[in-house]
Every structure is written in structure tokens, then in C-alpha cells.
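Chemist: Below you'll find the structure I mean.
Bear in mind these aren't lab numbers, they're just calculated from the coordinates by the rules spelled out. Worth saying up front: this structure is predicted, and the values here are computed from it rather than measured. Methodologically, a virtual Cβ is constructed for each residue, glycine included, from the backbone with ideal geometry; neighbour enumeration extends over all protein chains shown.
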């Protein structure tokens, strides 16, 4: 299991790339060295709150988005979670899961 520092590093990189920024561009926008961004993205260090705030402004995201680790879960993990839900759910909960699934599909 990945540490919080590793998850934060992955999420930071994901958000940066989703905005089309290079490490150089982000570093320029927040007034930091490119090596600093690189170190954050390889989980070499934790960002300070000030740095997180600067990055959030530059990427136009809320700070809480850096900690949305659910978006990092891979498909195999999700499949396993669904298998567990099905295996351990009673009939009532299975019917509810099925209804939710159908409602989402029919949006």
C-alpha cells in the first residue's frame, strides 16, 4: 500500500498534467525551482501548506483535490471491491446496488 506522501505525489502530478503544465511551467507559476516540483512528484518531500496553496491557485483547484486519492484506484482494485460488495451483501442490498447501477446507466 502506498504512503500518503506517495499518493499525494501521484495526485499532484496527475493534476499538473491534466492542466497541460510542465514541471517547469508550474515551478515558474508558483515561484519555485523545477527541482522542487520534481522532488514533490517523486515523493521526495512533503509540500508545505504555502506551496500547496500556490500550486492549487496555479492549477485552479481546491486544496482538497490533492487528497482525492479515490481517483487513483486502478480498475482491478475497483473490480475486487465490487466482487466483495456482491459476495457480502444480503438480498436487500444487492437489489439496491442493482437499482443504483441501472439508474446511473440510464442517466
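Chemist: Given contacts defined as C-alpha pairs under 8 Å and at least six residues apart, what's the relative contact order of the chain, whole-number percent?
Modeler: About 27 percent, as a whole number.
Chemist: While we're here: What is the helix-to-structure angle for 49-59, meaning the angle in degrees between its Cα long axis and the longest Cα principal axis of the chain, kept from 0 to 90 and rounded to the nearest 10?
Modeler: 80
Chemist: Give me the percent of Cα-Cα pairs in the stretch 4-71 that sit more than 17 Å apart, rounded to a whole number.
Modeler: 29
Chemist: Choose one answer from 53, 62, 80: the residue with the largest mean-square fluctuation in a GNM of the chain with alpha-carbon springs under 10 Å.
Modeler: Highest fluctuation among the options: 80.
Chemist: Sticking with this one: By per-residue mean of other Cβ atoms within 10 Å, what is the highest-first order of 84-95, 2-13?
Modeler: The peptides rank, most packed first, as 2-13, 84-95.
Chemist: Contour minus end-to-end for residue 22 and residue 91, with contour as 0.36 nm per residue of separation and end-to-end as the Cα-Cα distance?
Modeler: So the extension gain works out to 19.8 nm.
Chemist: By how many degrees, between 0 and 90 and to the nearest 10, does the Cα long axis of helix 75-88 differ from the longest principal axis of the chain?
Modeler: Computed tilt is about 30 degrees.
Chemist: Taking R0 as 25 Å, what FRET efficiency do you get between residue 100 and residue 73 from their Cβ-Cβ distance, rounded to the nearest 0.05?
Modeler: 0.85
Chemist: Mind checking the angle between helix 91-105 and the chain's longest principal axis? C-alpha axes, 0 to 90 degrees, to the nearest 10.
Modeler: Between helix and principal axis, roughly 60 degrees.
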